[in-house]
Amino acid sequence: MNTNDSGAPNNMRRPLLFSILISIVLLFMFNGIIVPMMAQRTVREITYTEFLSLLEQGKISKVNFETTRLVISQKDDPDGVFLTTGRLEDPNLLPRLEEAGVDVSSAIPKENSPLMSFLLGWILPFGVLFLFGYLLNRSMAKRMGSGVMSFGKNTSKIYAETTTGKTFQDVAGQDEAKESLTEIVDFLNHPDKYLEIGAKLPKGALLVGPPGTGKTLLARAVAGEAKVPFFSLSGSDFVELFVGMGASRVRDLFKQAEEKAPCIVFIDEIDAIGKSREGAYGVGGNDEREQTLNQLLSEMDGFDPSKGVVILAATNRPDVLDKALLRPGRFDRRIPVERPDLAGREAVLKVHARDVRMSAHVDLFAIARATPGAVGADLANIINEAALLAVRAGRRVVEQPDLAEAVETTLAGQEKKGKVLSPHEKRIVAYHETGHALVSACLPHAEKVHKVTIVPRTMGSLGYTMQVPEEDKSLHSKEEALAQITTLLAGRSAEEIVFQSITTGAANDIERATQLARAMVTQYGMSDTFDMVALETVTNPYLGGTPLRNHSETTAARVDEEVGRLIRTCHEQAREILHAHRDGLDAITAVLLEKESLDSEEFAALCDQYVTKQLRMEN
Ligand code: ADP
Ligand code: MG
Ligand code: ZN
């Protein structure tokens, strides 16, 4: 990555270096060849005898005495060619010149002044060449879109945009993200309301999600909704050209933003500057990026949010971001922008279908169903591709076959790249997630299911069941801990029951279940075998955090046994529950496969329908 980063500055510096080199070469040619040539043309050397005979003939108008030579001007020489001859010790010369009426002088000729000849011969041409090179460079740089020699001063105009013209209506789906951003819009519209009460909004919000899900679009929509100017720069814009440029751009950006407040500052692809600094010091650490990041951090700390500058940033690599960026007072609010589910995809298609003339018979829902895993950008592309196909076919409106073909061409290859799950994989993931959710619904001590989804998430999981405790609790009972382990193991259990085979998809569940089971045995005193013996003590989690063992090797073996027993019991319980509710498992999975995500109400309704109350209470 470092070679890549430094590539740009080298390329940009080359023209400057090149023009300086050319200048120097030209300069030597000028002083070494052209000047002497010019001198030869205007000054011709003659012998003293020739000079005397010219004087005799009365052809000389003027003689200038220099220290070692005489410079002679002829009367009838229109070109003004000078003749020179050596200065001899001739006492008769002056009277003879006077007699012939020749003008005599001994002024030092201008071209012999060392200062003047230096200025004329070296500095002036160099200046001219440099100016020429500068102008050339500037016109080149203008064409390339950035000023090589502008040193970050007049790049200002690229970022400001008085109005984006986008609103939340242009962003389909992404309701949760929009909801979080509404508060920012409200703050920008009515800052007084917040200031009066003393409320401070977060300075920055970070939009996190896969490429093409509409992060940039959302940021622009926030500015459009709030009707404030939109300053935007991409992270990679900062890291280029000369060292120190990135930092000065950041300074510049914030200065301008403060002048234009209230406004939005948007830093796209912030990972380009915000990459973790750890390890950057080793081989070819990128100083430039670090300076830029430091400047950004200090600007964020320095400015006063009550002025109405809100900073938004976007990234699809939240895992590589420097921790310092995520600290309170910086990008402490994270807004996930995930891939759309079925309903979301249909909404995106509808938004983009507004711009294209569609046949009344097109079925966008069918297209949404055919494009699992597609992001907003893919869907916008599909609509456009379909319009192109319609034109090519000589149609005046887009028909269903155009859309179907556009899906094929746009999404071809994505399945292979693993971006989109195959139907079989999707079924496995759906059963797995329903397993978690269903078991948790059946266990009275388990946390409530908040959301079940099989839309792949940013952080690499294929599906996900989100649970929230019904009330905030700091104390957890043994029953709750057991219910949590059972729920964690239920995903894999569902796979076993339905497919009689297991996959690697449960690694994280297993890890978390094992951790909790081990903690129950060694820290919480929740096992029958050991009673309340602290087998492990946890050191301060901020100082390493590895548990300290307080027991012997033989005990260690028994601890492992006890943990294994807990896990087995919970696993068995999960399987039992799922066996008892096999019909419900199938029915809810079918709905999940169809809709791709279920919120808490939808899930609760399905449970009421398919899972009998009586069975639920037994467990
Ligand atoms: P990101 O910044 O997340 O990579 P963009 O905001 O640049 O994605 O999205 C690219 C394009 O895809 C947008 O200009 C828009 O046309 C389309 N798009 C993406 N998400 C949505 C959405 N939720 N609603 C409507 N259009 C979308
Ligand atoms: Mg973007
Ligand atoms: Zn799972």
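The numbers here are math on the coordinates, done by the rules we state, and not lab data. None of the values given here were measured: they were computed from a predicted structure. Quick reminder, even Gly has a Cβ in these numbers, built from the backbone with ideal geometry, and neighbours come from all protein chains shown.
Output the relative contact order of the range 342-412, whole-number percent, from Cα pairs under 8 angstrom with separation of 6+ residues.
Reported relative contact order: 38 percent.
Can you tell me how much longer the chain between Ser298 and Leu21 gets when fully stretched, taken as 0.36 nm per residue apart minus their C-alpha distance, in nm with one decimal?
95.7 nm
Determine, from the Cβ-Cβ distance of Glu425 and His190 and an R0 of 51 Å, the FRET efficiency 1/(1 + (r/R0)^6), rounded to the nearest 0.05.
0.60
Strictly over 18 Å apart at the Cα level, which of Lys178/Lys227; Lys166/Lys227; Lys426/Lys595; Lys193/Lys260; Lys166/Lys307; Lys178/Lys307 would you flag in this model?
Beyond 18 Å between Cα atoms: Lys193/Lys260; Lys166/Lys307; Lys178/Lys307.
Please give the residues of the range 324-367, grouped as numeric ranges, whose backbone N is less than 19 Å from a label point set 7 Å along the Cα-to-Cβ vector of Ser180.
324-341, 344
Students often check this: by mean Cβ neighbours within 10 Å, which of 484-497, 443-456, 93-106 ranks highest, and how do the rest follow?
Packing order, densest peptide first, comes out as 484-497, 443-456, 93-106.
So how much slack lies between Glu405 and Ala360, counting 0.36 nm per residue of separation and subtracting their Cα-Cα distance, in nm?
Roughly 14.4 nm would be gained on extension.
Report ³J(HN,Hα) in whole Hz for each residue of the range 334-351, in order, from the Karplus equation J = 6.51 cos²θ - 1.76 cosθ + 1.60 where θ = phi - 60°; Gly and Pro get x.
10, 10, x, 10, 8, 4, x, 8, 3, 5, x, 5, 4, 5, 4, 4, 5, 4
Given labels modelled 7 Å from the Cα in the Cβ direction, how far is it in nm from Gln57 to Phe118?
Once both label points are built, they end up 4.2 nm from each other.
Which order do peptides 511-524, 316-329 fall in by mean Cβ count within 10 Å, highest first?
Ranking, from highest mean packing down: 511-524, 316-329.
Which FRET efficiency, nearest 0.05, do Asp586 and Ala393 yield, Cβ-Cβ r, R0 56 Å?
0.85
Calculate the spin-label point distance for Tyr48 paired with Gln523, positioning each point 7 Å from the Cα along the beta-carbon direction, and give it in nanometres.
11.1
With r defined as the distance between the Cβ atoms of Ala324 and Ala556 and R0 fixed at 30 Å, what FRET efficiency is calculated, to the nearest 0.05?
So the FRET efficiency works out to roughly 0.15.
Fully extended, how many nm does the chain gain between Thr167 and Lys595 (0.36 nm per residue separation, minus their Cα-Cα distance)?
151.4 nm
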